[in-house]
1. Is at least one residue of region 2-13 among the acidic types (Asp, Glu), open to solvent by 10 Å² or more (accessible area, probe 1.4 Å) and not in a helix (DSSP H, G or I)?
2. Under 8 Å between Cβ atoms, which residue pairs at least 6 apart in sequence (or on different chains) link something in region 196-213 that is free of Cβ contacts under 8 Å to residues at least 40 places away in the same chain with a partner that is open to solvent by less than 20 Å² (accessible area, probe 1.4 Å) and not in a loop (DSSP other than H, G, I, E, B)?
3. Return the residues of region 13-53 that are farther than 22 Å from residue 125 by Cα and among the β-branched types (Val, Ile, Thr); say none if nothing qualifies.
4. Can you say whether residue 107 is at pLDDT 90 or above, out of contact with any helix residue (DSSP H, G or I) (no Cβ under 7 Å at 6 or more places or on another chain) and on the phi < 0 side of the Ramachandran plot, as far as the supplied structure shows?
5. From the residues in region 175-193 that are open to solvent by less than 40 Å² (accessible area, probe 1.4 Å) and touching an Asp or Glu at 6+ places or on another chain (Cβ under 7 Å), which one is modelled with the lowest pLDDT?
6. What pairs come up if the first residue lies in region 15-29 and is touching a residue at least 12 places away in the same chain (Cβ under 8 Å), the second is open to solvent by 70 Å² or more (accessible area, probe 1.4 Å) and of a type in the set (Lys, Arg), and their beta carbons are under 8 Å apart, counting only those six or more places apart or on different chains?
7. Quick one: in region 146-174, of everything that is part of a strand (DSSP E or B) and surrounded by fewer than 15 Cβ atoms within 10 Å (Cβ to Cβ), which residue is modelled with the lowest pLDDT?
8. Hey, any hits in region 18-29 for a residue that's closer than 25 Å to residue 234 by Cα and open to solvent by less than 10 Å² (accessible area, probe 1.4 Å)?
Amino acid sequence: MPSDDRPLQLSRLLVTGLGTRVFTFYGDRVPLSGSVLLVSNHRSFMDAPLLMAATGRTVRFACHHYMGRVPGLREVVEGLGCFPLEAPQDRHRGFFRTASRFLRAQECVGVFPEGTQPMVSATDPRSLCEFQRGFAHLALRSPVKDLAVLPVAIASQTERRNTTVPLRMLSWIDPSEPLFDQPGWHPMVVYERVNVLVGRPRWITPQERSRYQNKQGLTTVQELTDYCQGEIEALLAQGCC
């Protein structure tokens with residue numbers, strides 16, 4: 001699967017067009033090639049293009065199921081190289097299948113392990129929801145040599161907050177998401193000035209994969225999840241001050 005730089009070019013255009021000032025710290029930690037699983041916090045529709053522009057790599061982000069079902073939005077998502085999650089009954093299997101395919105092709109896959117909650121709530125830039133562990137299972141299960149798990153923090157300095165559509169309108173499109181079944185409007189955060197801080201990559205070792213496949217699987221998954229969440233929490237504290 002050849003690398004496609006069009007999502008990266010589009011991301012740079014979007015970030016520039018919105019007038020966002022981006023400051024990248026520890027950018028030398030980003031592997032310039034090879035398989036990377038990028039893990040980040042998530043509060044804005046800008047996060048995927050912002051992370052591509054800041055790291056200089058095309059990143060194949062998993063995004064919410066409804067984004068692939070709305071005309072217009074679907075084309076933007078595809079242009080950015082993202083892949084919407086499938087319906088609930090096939091969601092986990094489809095995510096592992098598509099993400100592993102990109103990783104085997106030496107590409108960078110991006111995940112937002114906080115899930116939907118921070119996107120539908122007015123959250124503080126320094127806060128984190130508890131990480132879901134699917135990305136850790138992906139990293140330990142994928143048959144990819146020299147895989148780097150890269151935690152990255154998006155630390156907003158100044159931003160604008162607007163509203164887009166009623167949440168219950170989204171529940172018509174995706175009734176499987178319980179967070180859409182509530183009053184209020186979907187918030188839209190536009191970064192004006194933002195720091196992107198790259199954490200220390202963690203390379204998945206054969207020993208970790210062996211532990212995952214044996215009796216220490218859940219412990220190994222939790223260790224990797226805690227590492228990424230802890231790294232991003234520390235970077236947010238540094239970048240939001």
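1. There is at least one residue in region 2-13 that is among the acidic types (Asp, Glu), open to solvent by 10 Å² or more (accessible area, probe 1.4 Å) and not in a helix (DSSP H, G or I).
2. Qualifying pairs under 8 Å: 211/217; 211/220.
3. The answer is 30, 36.
4. Yes.
5. Ranking the qualifying residues of region 175-193, first place goes to 180.
6. Close Cβ pairs (under 8 Å, with a partner that is open to solvent by 70 Å² or more (accessible area, probe 1.4 Å) and of a type in the set (Lys, Arg)) amount to 20/193; 21/193; 23/193; 29/200.
7. Restricting to residues being part of a strand (DSSP E or B) and surrounded by fewer than 15 Cβ atoms within 10 Å (Cβ to Cβ), the top hit is 165.
8. No, region 18-29 contains no residue that is closer than 25 Å to residue 234 by Cα and open to solvent by less than 10 Å² (accessible area, probe 1.4 Å).
The values are calculated or read from the model by the stated rules, or taken from the named source; none is laboratory data. It should be emphasised that the depicted structure is a prediction, and the values quoted were computed from it without experimental measurement. Virtual Cβ from ideal backbone geometry, glycine too; neighbours counted across all protein chains shown. Accessible surface is based on the protein model in full, side chains and every heavy atom, while ligands, DNA and RNA are left aside. Shrake-Rupley method; radii C 1.70, N 1.55, O 1.52, S 1.80 Å.
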